[in-house]
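Everything on this sheet refers to the single structure shown next.
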Amino acid sequence: MRGSILLISAGIGSPAECELAVDKMLGFLGKRFRIEVLERSEGRSGYARSVLLSSPDDLSEFEGAVQWQCPSPLRPGHKRKNWFIKAALCRMDEPEFCGFDEKLVEFSTCRASGPGGQHVNKTESAVRAVYPPLGLCVECADERSQLANKKRAVERLRAKAALMEKERRAAETQDLWRQKGQVERGGRGLVFKGVGFER
């Protein structure tokens, strides 16, 4: 397993508590895994309605319905105590998406920021990769080598393209609405409890 792309979504029209749960799950994963936020869609509450993240780690255990059991921290006295979100996985080592043409990827470079000493300031190792056919864009500065960053950027673009294709196919069978618009409630899945979002 080389890594994963995970979409965490509160669904369309969900209450602010579900959007807060998306942020809490992002924080939970960030403390335990190496993650990078690729896209973040803000909700009406100021919390994230959905987050698309990548990780070199296997996040498959977090796929599916996620239940957060907690009295509303936003509306004291509210009767509801169960909030639901969903996580959808697209592994980066899945078979290559047949509609993705690596030759169409456009690269630009820039100087990396953050720790790394003088090397960071002298070389333009960070890479911004754009895939015009789908309007996708990622940035990668994980490696000191520009070539290595280009390779990782292409992998992420391919994974995002594959995820878009999965969503397109799901939409054709109306599964996309169940996945993004009407988050599954009840049934088996991950359960987190309390304001601290603990398992």
Legend entry - Members of the range 1-51 found to be hydrophobic (A, V, I, L, M, F, W, C), touching a helix residue (DSSP H, G or I) at 6+ places or on another chain (Cβ under 6 Å) and either open to solvent by 50 Å² or more (accessible area, probe 1.4 Å) or assigned to a loop (DSSP other than H, G, I, E, B) (or both), listed by number: 10, 12, 35
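Report the residue count in the range 105-130 for those that are open to solvent by 80 Å² or more (accessible area, probe 1.4 Å), modelled with pLDDT of 90 or more and not charged (D, E, K, R). Reasoning before the result, please.
At the first step, the residues of the range 105-130 found to be open to solvent by 80 Å² or more (accessible area, probe 1.4 Å) are 106-107, 111, 113, 115, 118, 121-122, 124, 128.
With the extra rule that they be modelled with pLDDT of 90 or more, the set shrinks to 106-107, 128.
Add one more test, that the residue is not charged (D, E, K, R), and what stays is 107.
Looking only at that region, the number is 1.
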Inset, instruction - Determine which single condition residue 54 fails, assuming it passes every other condition in (1) open to solvent by less than 40 Å² (accessible area, probe 1.4 Å); (2) in contact with a Gly (Cβ under 9 Å, 6 or more places away or on another chain); (3) not in a strand (DSSP E or B). - result: (3)
Inset, instruction - Considering every residue within the range 67-76, establish whether at least one is modelled with pLDDT under 90 and either of a type in the set (A, V, I, L, M, F, W, C) or more than 24 Å from residue 190 (Cα to Cα) (or both). - result: no
Inset, instruction - Take the range 57-86 and flag every residue that is assigned to a loop (DSSP other than H, G, I, E, B) and within 14 Å of residue 18 (Cβ to Cβ). - result: 70, 72, 73, 74, 75, 78, 80, 81
Inset, instruction - Give the residues of the range 57-83 that are hydrophobic (A, V, I, L, M, F, W, C) and open to solvent by 40 Å² or more (accessible area, probe 1.4 Å), sorted by residue number. - result: 74
Inset, instruction - For the range 77-104, name all the residues that are at pLDDT below 65 and touching a Pro at 6+ places or on another chain (Cβ under 9 Å). - result: 92
Inset, instruction - Mind counting the residues in the range 131-148 that are assigned to a loop (DSSP other than H, G, I, E, B) and modelled with pLDDT under 90? - result: 8
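The values are calculated or read from the model by the stated rules, or taken from the named source; none is laboratory data. Keep in mind it's a predicted model, so treat the numbers as computed, not measured. As a convention, Cβ positions derive from the backbone with ideal geometry for all residues, glycine included, and neighbour counts pool all protein chains shown. In case anyone asks, the SASA skips ligands and DNA or RNA and just uses the protein heavy atoms, side chains included. Shrake-Rupley method; radii C 1.70, N 1.55, O 1.52, S 1.80 Å.
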